[in-house]
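Participant: First, the structure itself, so that you have it in front of you.
The values are calculated or read from the model by the stated rules, or taken from the named source; none is laboratory data. Not measured: the values here are computed from a predicted model. A quick note on method: Cβ atoms are made from the backbone with ideal geometry, for glycine too, and the neighbour counts reach across all protein chains shown.
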Amino acid sequence: MKKIAIIGCGNMARVHIPYILKIKDVQLIAVCDKNEIRAKELAQHYDIHHYTQMDQMLENTNPDVVHILTPPQSHTEIAIQCLDSGCNVFVEKPLCLTLEEVDAIYTAAQSNDRIVGIDHNNLWSPLVQKALQVVQSGQIGRLINIQYVMGDDYLEVLKEGYGRWALDLRGGVFADLIPHPLYLNRAFIPELKVHSVKAIGSDIKKLRELWVDFISNDVHLNLW
């Protein structure tokens, strides 16, 4: 039986937990959040232990996997501590905010012989998997243009009190949303390398459209 723990008891924890509970031979054993009220409420709902100190939870429960569901500003520090404690980690997107942080997480995973997973959930959509099969089969030839339209009303999410941390990201709300189209499009054309990026919008909080050009000049990506 694999033991799972969660760090971060916000909205995403309520998304992850039902799926964790559906997996055979997996047990959700604890949740952790600096906000004790939030941690206790979630723990009581699922009849598990709650903690406000990460190191205490890791020492007492010794989980096999830790889901890191905090804002991305904290992902690197938390992930490295979990890896150094012998845990595998599953991290909400974006994994982190700089290439240096990616290198630090990678180094910790390698030195501890642990696994880092990133929650690129849309990649496993049945529609996406079917589309990948069609593209990889060569039925429609080579892809030369991809357009991605995002219908997420983030302003309404913010009004409801969720995700306000995204406003403090260097890329604003866009930094939280952009991993989805990027990992999906790299799945369809994995060999591409970015050449340049252009955007429309008066500032990062009002960004409306993004163009990404690749080293291969006949392939382009539009994000709306």
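Participant: Would you point out which residue out of L95, L132 is surrounded by 12 or more Cβ atoms within 10 Å (Cβ to Cβ) and part of a loop (DSSP other than H, G, I, E, B)?
Facilitator: L95
Participant: Among the residues of segment 161-170, are any modelled with pLDDT of 70 or more and either of a type in the set (V, I, T) or crowded, with 16+ Cβ neighbours inside 10 Å (or both)?
Facilitator: The answer is yes; a qualifying residue exists.
Participant: Continuing with this model, one more query. L177 is checked against (1) at pLDDT 75 or above; (2) touching a helix residue (DSSP H, G or I) at 6+ places or on another chain (Cβ under 8 Å); (3) of a type outside the set (K, R); (4) under 20 Å from I144 (Cα atoms) and fails just one. What number does that condition carry?
Facilitator: (4)
Participant: Quick one: L95 ticks every box in (1) out of contact with any Pro (no Cβ under 9 Å at 6 or more places or on another chain); (2) within 23 Å of Y183 (Cα to Cα); (3) at pLDDT 95 or above; (4) of a type outside the set (G, A, S) except a single one, so which number is it?
Facilitator: Going through the list (1) out of contact with any Pro (no Cβ under 9 Å at 6 or more places or on another chain); (2) within 23 Å of Y183 (Cα to Cα); (3) at pLDDT 95 or above; (4) of a type outside the set (G, A, S), L95 breaks only (1).
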